[in-house]
Amino acid sequence: MKFSTVTMFRKNLSAKKTYPVYFLAGEDTFLLEDSIKRIEKKINVDDLNREIFQATESSGSDILNSVETLPFLTDKRLVILKSANKLKNDDFKIITKIIENPVDTTCFIIVFPDKIKNSTSKRKDLISLCEQSDNCYCVDCKKPYEKDVKIFIQEEFNNRGKTIEPDVVQQIINDAGLDLQNVSSEIEKISLYLGNDKKAVTVEDFVKISGFTKEINIFMLTNSIEEKNLNYSLFIIEQMLKAGESAIGILSTISGTIRKMLTAKSLMEEKNYTSQDALNYIRVYSYFQYKYAANLSKYSLVHLKRSLKEILKTDIALKTGKADDKSAIENLVLFICK
């Protein structure tokens, strides 16, 4: 059977009976282990009817004996073969027989922790064998792209009966990266903090849980200025200065935010760009474009140009010592968000 995505595998597993053989291949350890757990839950086996083998430490005959063993007080056994990309030739021949003639009372999971395409493993023949077998359900557990991780985060919170703001999804990725194990830990931490009663995950929740790190402060300041949220912008600036962030560094963040908004506004009003084309130009993800456009409408082109001049004046004041750090930055934000 041709390789299925993880998403399709999950849908198939929830809707249909299990296959006699599952071939889980790919580099993402989290997806491999998560897929095993989902199959285990579907079959509902206990420790007496589950056996795990490592290809580097077990013989093919031992694996075959386990597969052929009848389940104890249940309908199915589960046999898991890990590191299958390192199978020896003699053992591979035995595994081939199991795939070609599966045992009805056993679900056999083969874990192949390597790429499907451009695999460096000597056991590429196992990939071909499983892909061509009608008895085997093949799952591609490759490392996810950013869009896949966003979907994963949303689905995990949905499964917990919660919704999550897009900005928080992006910030989780900014902090945890695309490693699903790290992302999953963040999701668990947030869910435990919020408990069962709170159903919506907001930016404010995330900040409380994660603490005011430099990266979060920059993200929050940018977001609050875009929204013209004066009070929250001043609060974040205070946190940044307390944490030792330089006024010049904060000014750089504000400058980048205003320049980005000014570019989009100029393209729309002076170059007749559509809103979508302008936001694509400044590289705003399509998922966030509606919110960004709404925030942009709060600013006039004239005011953004004046704000840029104020940024220059603030830069000079800070570098010449004409104003203290806190007053200079706060007065600038007062001007921008007025």
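The values are calculated or read from the model by the stated rules, or taken from the named source; none is laboratory data. Predicted model, so just to flag it, every value in this text is computed and none were measured. Cβ atoms come from the backbone with ideal geometry, glycine included; neighbour counts cover every protein chain shown.
Name every residue in segment 51-70 that is surrounded by 16 or more Cβ atoms within 10 Å (Cβ to Cβ) and in contact with a strand residue (DSSP E or B) (Cβ under 9 Å, 6 or more places away or on another chain), in order of residue number. Give the steps one after another, and end with the answer.
If we filter segment 51-70 for residues that are surrounded by 16 or more Cβ atoms within 10 Å (Cβ to Cβ), which is where we start, we get 51, 53, 55, 58, 60, 63-64, 66-67.
Glu51, Phe53, Ala55, Ser58, Ile63, Ser66, Val67, listed by residue number.
Looking for whichever is assigned to a loop (DSSP other than H, G, I, E, B) and outside the structural domain of Leu180 (by TED's automatic domain parsing) here; the options are Phe53, Phe30, Phe72, Phe23. Which one fits?
Phe72
Here's the yes/no breakdown for (1) among the charged types (D, E, K, R); (2) closer than 26 Å to Thr5 by Cβ; (3) over 27 Å from the mean Cα position of the chain (by Cα):
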{"position": "Ile52", "(1), (2), (3)": "no, yes, yes"}
{"position": "Pro71", "(1), (2), (3)": "no, no, yes"}
{"position": "Asn89", "(1), (2), (3)": "no, no, yes"}
{"position": "Ile94", "(1), (2), (3)": "no, no, yes"}
{"position": "Ile109", "(1), (2), (3)": "no, yes, no"}
{"position": "Ser128", "(1), (2), (3)": "no, yes, yes"}
{"position": "Asp134", "(1), (2), (3)": "yes, yes, yes"}
{"position": "Glu146", "(1), (2), (3)": "yes, yes, no"}
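Among the residues of segment 183-217, what is the count of those that are loosely packed, with under 15 Cβ neighbours inside 10 Å and not hydrophobic (A, V, I, L, M, F, W, C)?
Result for segment 183-217: 15.
Mind listing whichever residues of segment 84-140 are β-branched (Val, Ile, Thr) and part of a loop (DSSP other than H, G, I, E, B)?
Listed by number, the residues that qualify are Val103, Thr105, Ile116, Thr120.
May I ask you to list pairs of residues, at least six apart or on different chains, whose Cβ atoms are under 6 Å apart, with the first in segment 133-154 being within 15 Å of Leu31 (Cα to Cα) and the second being of a type in the set (Gly, Ala, Ser) and in a loop (DSSP other than H, G, I, E, B)?
Listed by first residue and then by second, the contacts come to Asp140/Gly26; Cys141/Gly26; Lys142/Gly26.
Before we move on, is Glu155 charged (D, E, K, R) and outside the structural domain of Glu51 (by TED's automatic domain parsing)? Break it down into steps so the answer makes sense when it comes.
Numbers: charged (D, E, K, R): yes; outside the structural domain of Glu51 (by TED's automatic domain parsing): yes.
Yes, satisfied.
Every residue, every condition in (1) modelled with pLDDT of 95 or more; (2) touching a Phe, Trp or Tyr at 6+ places or on another chain (Cβ under 8 Å); (3) more than 29 Å from Glu238 (Cβ to Cβ); (4) charged (D, E, K, R), yes or no:
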position	(1), (2), (3), (4)
Leu279	no, yes, yes, no
Ile282	no, no, no, no
Tyr290	no, no, yes, no
Leu318	no, no, no, no
Ile336	yes, no, no, no
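For segment 191-206, enumerate the residues that are under 19 Å from the mean Cα position of the chain (by Cα) and small (Gly, Ala, Ser).
Ser191, Ala200
I need a count of the residues in segment 1-35 that are more than 19 Å from Asp75 (Cβ to Cβ), buried (at least 18 other Cβ atoms within 10 Å of the Cβ) and of a type in the set (A, V, I, L, M).
Total satisfying the criteria: 5.
Quick one: which helices (runs of 4 or more DSSP H) sit completely within segment 232-335 and have at least 1 residues that are in contact (Cβ under 8 Å) with a residue 40 or more places away in the chain and either surrounded by 14 or more Cβ atoms within 10 Å (Cβ to Cβ) or on the phi < 0 side of the Ramachandran plot (or both)?
Correct list: 247-270, 289-296, 301-320.
Of the residues Cys107, Cys136, which is assigned by TED's automatic domain parsing to the domain that holds Lys17 and touching a Cys at 6+ places or on another chain (Cβ under 7 Å)?
Cys136
Condition (residue is outside the structural domain of Tyr22 (by TED's automatic domain parsing), outside any helix (DSSP H, G or I), on the phi > 0 side of the Ramachandran plot and modelled with pLDDT of 85 or more) applied to segment 184-199: is it met by at least one residue?
Within segment 184-199, one or more residues are outside the structural domain of Tyr22 (by TED's automatic domain parsing), outside any helix (DSSP H, G or I), on the phi > 0 side of the Ramachandran plot and modelled with pLDDT of 85 or more.
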